Amino acid sequence: MEKGRIMIVDDNLENRLVVSGFLEDDYLISLQESGDACLQHIHEFKPDVILLDWMMPPPDGIQTMQKIREEMPELRNTRFVMLTAKAQSGDIVTAWHAGANDYILKPIEMDVIMNIVARQMSEKQRLDKLDSTRMEIEAHLQQAQKMETIGVLAGGIAHDFNNILFPILGYAEMTVANPEATDNIKENVREIEKAALRARDLVRQIMAFSRQSNQEIQPVDVGLILKEVLKLLKASFPANIKLIHKVQPDCGEVLADPTQIHQIIMNLCTNAKHAMERSGGTLTVTLRNIPPEEYVSADIKANCRYTEISVSDTGVGIPPEIRDKIFQPFFTTKDVGKGTGMGLSVVHGIVKHCAGHIGLESEIGKGSIFRIYFPVADEKSVAKISQTSELIGGTERILLVDDEPAITTMLRKVLIDLGYRVMAFNRCSDVIEVFNTKGADILITDMSMPEMTGVELAQKIWQKQAGFPVILMTGFSELIVKKQ
């Protein structure tokens, strides 16, 4: 442990040597013969405690201390102990107001100075620790604010992108379902649909990043997602890192949000890459079913099948003293700008939400292995979630409104094909006018529009006809909640 630093400032050489003799075995000492000398060397020595003679040629002890307190905020935690031959109450009050923390009467006794210095040194350490904690909290707050700003931007982009994808997917599905379309046309359109669905999944990843998507729990083939993530990562990995994947077939499906599974694999692989950036190495990602005898945690139920995802690297390894902290939010060992400290905490939260378990094995200089265990979905769960309903048409009158003409045109065609009578609009004011004059059976409205929101439009309709059926559409919105 580094010794504390004490600066002794006194114009009397004998006094400086006596005080230094008391303290030099336990502390690092700097001796200065005047206030000017103290000010000249203070930044170089960076004292924790300054023992300052009161009565010196200008600047005296009080003046020197005031100058440090007023002009050197980086030394705000430095403790000042005044050395004085007199201690009248008025002088003590003056010293307190100037910034002194304690005083010692001359002639100086060894026990007195040792106790006072130890107490002030302890207080300096406490204040430094508080400063460190405050700076850490401020850094986390700044990071959270930055992430929130990025999230809002990402959410806005995702919303606009959804508006573009909606008609693409709609027209593709209509074309495939059209009996007059040739097989060749249908095959081409299915490829368009596949590409649009990949884009939709990308939007969901953006939405998950911006914390604005609802979880979509469904049967997930982890193997397919793993291969897709590794394909994306391969282009960004440096040549000195070898990427290996081993996927056991027929691992079964897990009940999870596919975007979150994507996020887990992406975060773990990115961490592994950072661990091997300097010296290179091998990243191995494995997916397999594990037998009950290999279950490693009490969190894993013996009567359930599990799929294991393991991500191993040959990097620097994780020191034992921080392994219990790596899943804490904002904890990171990376350089500033290289990590948020949120990656592993997000992974841990997703795994626990899916009734899974995550474990870590690491050895310094040899690398780390993260193992994630997900329960395999049984056939009943998969069948229940996979159930779909047949399209049922009708003849009701529908008011349809969206500020995107491409969306209203596409939806109008779909609904008319199902037998409904549709009046489509791009402005809310037109909807209200038609409703007041002609009426309707149901309203389908976009949530976010320039004139008013879908909720506000619904409220205006309900003022005329309470309980009127309303369906809200949204690519994303922070404004909509179930209660509304």
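We did not get these values from a lab; they are worked out from the coordinates using the rules stated. On a predicted model such as this, the values are computed, not experimentally measured, just so you know. A quick note on method: Cβ atoms are made from the backbone with ideal geometry, for glycine too, and the neighbour counts reach across all protein chains shown.
Numerical summary
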quantity	calculated
DSSP beta bridges in the chain [antiparallel fraction, %, rounded to 5]	40
Given charges at Cβ of Lys, Arg, Asp, Glu: the chain dipole, positive-most of ILE50, VAL247, PRO179	PRO179
Extreme residue, positive dipole direction of the chain, given options THR408, THR133, TRP96 (C-beta unit charges)	THR408
Efficiency of FRET between TRP462 and GLU148 - r from beta-carbon atoms, R0 45 angstrom, step 0.05	0.85
FRET efficiency for THR474 and SER132, using Cβ-Cβ distance with R0 set to 41 Å, rounded to 0.05	0.40
Cα pair distances of the chain binned at 10 Å [whole percent]	3, 14, 17, 15, 13, 12, 10, 8, 5, 2, 0
Distance violations [Cα-Cα > 25 Å] among LYS227/LYS273; LYS146/LYS242; LYS129/LYS366; LYS234/LYS366; LYS124/LYS146	LYS146/LYS242; LYS129/LYS366; LYS124/LYS146
Point-to-point label distance, HIS353-ASP160, nm (Cα→Cβ direction, 7 Å offset)	2.7
Residue-span extension gain [THR94 to ASP60] - 0.36 nm each, minus C-alpha spacing	10.9 nm
Percentage relative contact order, the chain, counting C-alpha pairs under 8 Å, at least six apart	9
Ellipticity estimate at 222 nm from DSSP helix runs (n ≥ 4, -39,500 (n - 2.57)) divided over the chain, nearest 500	-15500 deg cm²/dmol
Computed FRET value (nearest 0.05) for ASP417 with ASP183, which takes r as the C-beta separation and R₀ as 22 Å	0.60
Rounded to 10°, Cα long-axis angle of helix 454-464 versus longest principal axis of the chain	60
Crossing angle, helix 183-209 versus the chain [Cα axis fit, 0-90 degrees, rounded to tens]	30
Length released on extending from GLU321 to HIS43, taking residue separation times 0.36 nm less the Cα-Cα span	96.7 nm
Within the chain: Cβ-based charge dipole about Cα centre, in debye rounded to nearest 20 (Lys, Arg +1; Asp, Glu -1)	1300
Most to least packed among 218-224, 258-264, 105-111 [average Cβ atoms within 10 Å]	258-264, 218-224, 105-111
Cα centre as origin, Lys/Arg/Asp/Glu Cβ charges: the stretch 1-127 dipole, Debye	400
Extension gain from GLU2 to VAL247, taking 0.36 nm per residue of separation minus the Cα-Cα distance	83.0 nm
Cα-based helix-to-principal-axis angle, 89-98 vs the chain, degrees rounded to 10	40
Distance in nm between pseudo-label sites at GLU74 and ILE392 (7 Å out along the Cβ direction from Cα)	7.4
